[in-house]
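Worksheet: the structure to be examined is printed underneath.
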Amino acid sequence: MIKGIRHILFDLGGVLLNLDYSRTEQAFRDLGIENFDEMFSQLKQTPLFDELETGKIGKADFVAGLRSAAGIEVSDEDLLKAWNAMLLDFPLRRLQLLQQLRLHYDLLLLSNTNEVHEEAFNLILNQAHGLSIGMLFDKVYLSHRIGMHKPDAAVFEHILNENGLKAEHTLFIDDSPQHIETAKRLGIQTIWLEKGMTIEGDIFLQK
């Protein structure tokens, strides 16, 4: 038990779900999009990713935006497969840890994600472990479903208020320092999962 903590709010990608962004980069190169880094950087300056992440656009509009930026004719299926290539696996030990933690704490999930990735990571979880993400937590907050995302303070305030949680009794675990900083400013206890760290190997050591 962690002294004073009653609720744990987890990030998803890089904390529970292993990611490898280079796989998406390579997948786009394999489709003939050699300038993926440049394309991705340019797209970040447009509303495309923010709108996908906050549910303002869906899969069809996102794919159309990707295809337009790529400047070549690529099928929807191939573009989506490349976009999902970064999503790896949910290690069994990590899922077992969540089950153990749930005996002692309220577990919540807050992820900046999108319609495309939600479908893909639930498929990964189901095929490997027979689970869906909602089965692991008391409450799940996905940015595209709630129309808010980190690091905006509003999303943390929404979760605290909706569940009647006190910030000082809530622990937030994330691998992005800018998300951690917002939570800290609101009085939430935080753990920044730095590169190379895992929750099962560095935070919650199983005896």
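The values are calculated or read from the model by the stated rules, or taken from the named source; none is laboratory data. All values reported here derive from a predicted model rather than from experimental measurement. In this analysis, Cβ positions are derived from the backbone assuming ideal geometry, glycine residues included, and neighbour counts consider all displayed protein chains.
Just name the residue that is surrounded by the most Cβ atoms within 10 Å (Cβ to Cβ) out of those in the stretch 50-66 that are without any contact (Cβ under 8 Å) to a residue 24 or more places away in the chain and within 17 Å of Phe36 (Cβ to Cβ).
Applying the filter and picking the extreme gives Leu66.
For residues in the stretch 67-124 being among the hydroxyl-bearing types (Ser, Thr, Tyr) and within 18 Å of the chain's Cα centre (by Cα), which is surrounded by the most Cβ atoms within 10 Å (Cβ to Cβ)?
Ser111
Does the stretch 68-75 contain any residue that is on the phi > 0 side of the Ramachandran plot, outside the structural domain of Leu142 (by TED's automatic domain parsing) and not basic (Lys, Arg)? Break it down stepwise before answering.
Taking the stretch 68-75 as the starting set, the residues that turn out to be on the phi > 0 side of the Ramachandran plot are 71.
Okay, now just the ones that are also outside the structural domain of Leu142 (by TED's automatic domain parsing), so 71.
Then keep just the ones that are not basic (Lys, Arg); that gives 71.
Yes, because at least one residue in the stretch 68-75 is on the phi > 0 side of the Ramachandran plot, outside the structural domain of Leu142 (by TED's automatic domain parsing) and not basic (Lys, Arg).
Under the condition of being over 12 Å from Val15 (Cβ atoms) and among the polar types (S, T, N, Q), which residue from the stretch 166-204 is surrounded by the fewest Cβ atoms within 10 Å (Cβ to Cβ)?
The qualifying residue surrounded by the fewest Cβ atoms within 10 Å (Cβ to Cβ) is Gln178.
Which one of these is part of a helix (DSSP H, G or I) and either over 18 Å from Ala85 (Cα atoms) or under 17 Å from the mean Cα position of the chain (by Cα) (or both): Phe62, Phe49, Phe28, Phe40? If you could, list the steps in order and put the result at the bottom.
On the way: Phe62 fails: either over 18 Å from Ala85 (Cα atoms) or under 17 Å from the mean Cα position of the chain (by Cα) (or both); Phe28 fails: either over 18 Å from Ala85 (Cα atoms) or under 17 Å from the mean Cα position of the chain (by Cα) (or both); Phe40 fails: either over 18 Å from Ala85 (Cα atoms) or under 17 Å from the mean Cα position of the chain (by Cα) (or both).
Phe49 is the lone residue from the list that is part of a helix (DSSP H, G or I) and either over 18 Å from Ala85 (Cα atoms) or under 17 Å from the mean Cα position of the chain (by Cα) (or both).
Mind checking which strands (runs of 3 or more DSSP E) fall wholly inside the stretch 75-175 and carry at least 3 residues that are farther than 24 Å from Gly196 by Cα? Can you show your working first?
Numbers: elements: 106-111, 139-142, 170-174.
In the stretch 75-175, 139-142 are the strands (runs of 3 or more DSSP E) which contain 3 or more residues that are farther than 24 Å from Gly196 by Cα.
With respect to the numbered conditions (1) in contact with a Leu (Cβ under 6 Å, 6 or more places away or on another chain); (2) more than 23 Å from Gly55 (Cα to Cα), which one is the sole condition not fulfilled by Leu186?
Looking at each condition in turn, Leu186 falls short on (1).
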